[in-house]
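Working notes for the structure below.
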Amino acid sequence: EGRAKLSVCSKLCYAVGGAPYQTTGCALGFFLQIYLLDVAQLDPFHASIILFVGRAWDAVTDPMVGFFISKTSWSRFGRLMPWIIFSTPFAVISYFLIWFVPDISSGQVLWYLIFYCLFQTLVTCFHVPYSALTMFISSEQSERDSATAYRMTVEVLGTVLGTAIQGQIVGKADTPCIQSAVFLGETNSSVAMEEVNMTHEPGSLTDTKNAYMIAAGVIGGLYVLCAVILSVGVREKREASELQSDEPVSFFRGLKLVMNHGAYIKLITGFLFTSLAFMLLEGNFALFCTYTLGFRNEFQNILLAIMLSATLTIPLWQWFLTHFGKKTAVYVGISSAIPFLIMVVVLDSNLVVTYIVAVAAGISVAAAFLLPWSMLPDVIDDFKLQHPDSRGHEAIFFSFYVFFTKFASGVSLGISTLSLDFAGYQTRGCSQPSEVNFTLKMLVSAVPVGLILLGLLLFKLYPIDEEKRKKNKKALQDLR
């Protein structure tokens, strides 16, 4: 146990490695949809294709990378660390090109599709091995839980940085909007439209494009810095994950064993729906603040309030799950968002109320961030007790959990953007039709609330409570 102890420095270096995925993911999650619609000026149908295909491809790459990792031989740097090191420079380049508007009349959809999918592949080559690294930094469950808490704090801080960097840099650029003819006098609507296009659009839109590229450059630099700190400060321990009776098992046999493990299926099914709720909220919140609530110049600050609240409450949830158990933390933490999601659409548009709701939602977001990654190692330990002759499947557990959530989020984001198209979304409009505002209310309130309730209902089936977790810990110590 003494040898398995991790220093605070090691935990911090490990935790820093979680920031790149969350920083880039948060920037893409909150801003890519509004960027494609109002800056790149794609129609909602093409934007929905990019969002769906990109997320679906991202989902497919997770098990692919998990497979190749399971076939990777150990080197002096470890089995997982080389993936993290070599994918980083290419991921940063492709990320920057996502936020670049190419000067081509046709082929923009293909441009964004290629670089979005390429970035998702490369960031997966970073994040899947990084997630599996949890099982290779210590053999002690308490040390892994502690390192996971450090990691979640830094990851949520990464989402704050992603929101702050992207939001504050882009927010300073005044993106021009075009007044709809419905809101202009019928006699001079065409003249007014022409005035907007000729006088306000070119300079302002160029400034907005430049702001997005500057933000991408800053986030890319942060990505590289975090990868360097992780690779220098963390040592991958082969013996931390292996039991005395371990024998190699093929990937596909391992996959079959993993997918037949009841605790794992019940865990990912429950979190699939709760994660979907927050992803749907994330993808549509910028549009909701801009058009439905009318806070065009405040939405980046509202997003920042959510992420700051989440960061500050991660230690609270770590304390809560230690004292009351992880299942109790799931019910209390994730369900706490429901009244506030209802409140934000029921009450009249009010900036103070919106900030209160944002802070309250952030508390629930923190629980949704921490708990899945804190509970997956418990499932892996349970699997090892039932299959002591299998080893090397940690990447399968982590990659398929991410696969299911990403694929489902791709479907939901694609459908949500398509529903905006059907509702009559006006690209770069200063205001939107009432049908669009109603659709946005459904996408950030009614649908997420329904998904959260369904996820919590399914989570009742999850079998690993505190008593079982402690028994598994003792049994694993005996095996080692």
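The values are calculated or read from the model by the stated rules, or taken from the named source; none is laboratory data. Just so it is clear, the structure is predicted and the values come from calculations on it, not from any experiment. In this analysis, Cβ positions are derived from the backbone assuming ideal geometry, glycine residues included, and neighbour counts consider all displayed protein chains. Note: accessible area is taken over every heavy atom of the protein model, side chains too, but ligands, DNA and RNA are not part of it. Shrake-Rupley method; radii C 1.70, N 1.55, O 1.52, S 1.80 Å.
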Note, ³J(HN,Hα) from phi for segment 340-349, Karplus 6.51, -1.76, 1.60, rounded to Hz, x at Gly and Pro: 6, 5, 6, 4, 5, 9, 7, 6, 5, 4
Over 27 Å between alpha carbons, listed pairs Lys71/Lys406; Lys71/Lys460; Lys5/Lys71; Lys256/Lys406; Lys11/Lys266; Lys71/Lys470: Lys71/Lys460; Lys5/Lys71; Lys11/Lys266; Lys71/Lys470
Label point distance in nm, Leu316-Phe45, each placed 7 Å from Cα along Cα→Cβ: 4.6
Rounded to 10°, Cα long-axis angle of helix 466-479 versus longest principal axis of the chain: 50
Folded to 0 to 90 degrees: helix 81-98 orientation relative to the chain principal axis, Cα: 10
Calculated [θ] (222 nm, deg cm²/dmol) that DSSP helices of n ≥ 4 give over the chain, each run adding -39,500 (n - 2.57): -25000 deg cm²/dmol
Gain on full stretching of the segment that runs from Arg235 to Val8 - 0.36 nm per residue minus C-alpha separation: 80.4 nm
Probe 1.4 Å, accessible area per residue of segment 326-446, Å²: 33
Packing-based order for 343-350, 409-416, 152-159, 95-102, using average beta carbon neighbours within 10 Å, highest first: 152-159, 409-416, 95-102, 343-350
Quarter of Cα convex hull surface for segment 8-63, i.e. mean projection, nm²: 5.0
Karplus 3J(HN,Hα) series, Hz, for segment 306-314 with 6.51 cos²θ - 1.76 cosθ + 1.60 (x for Gly, Pro): 4, 6, 5, 4, 5, 4, 6, 9, 4
Compactness relative to 2.2 N^0.38 Å, alpha carbon Rg of the chain: 1.00
Residue list for segment 95-109, given a label point 7 angstrom along the Cα-to-Cβ vector of Asn210 and an amide N cut-off under 20 Å: 96-104
Sites Cys430 and Ile114, calculated FRET efficiency, Cβ-Cβ separation with R0 35 Å, nearest 0.05: 0.65
Area of Thr328 that stays accessible when all protein chains are in place (1.4 Å probe, Å², to 10): 60
Estimated distance in nm for a label pair at Arg76 and Met64, the labels positioned 7 Å out from Cα along Cα-to-Cβ: 3.2
Length added when fully stretched, Ser142-Leu461, from 0.36 nm per residue minus Cα-Cα: 112.4 nm
C-alpha long axis of helix 44-70 to longest principal axis of the chain, angle in °: 10
Separation in nanometres of the label points that stand 7 Å from Cα toward Cβ, at Arg296 and Ala446: 2.7
Amide proton proximity set for Gly429, modelled H, under 5 Å, gap of 5+: Ile178
Estimated FRET transfer efficiency when R0 is 35 angstrom, pair Gln168-Val332 (beta carbons, to 0.05): 0.60
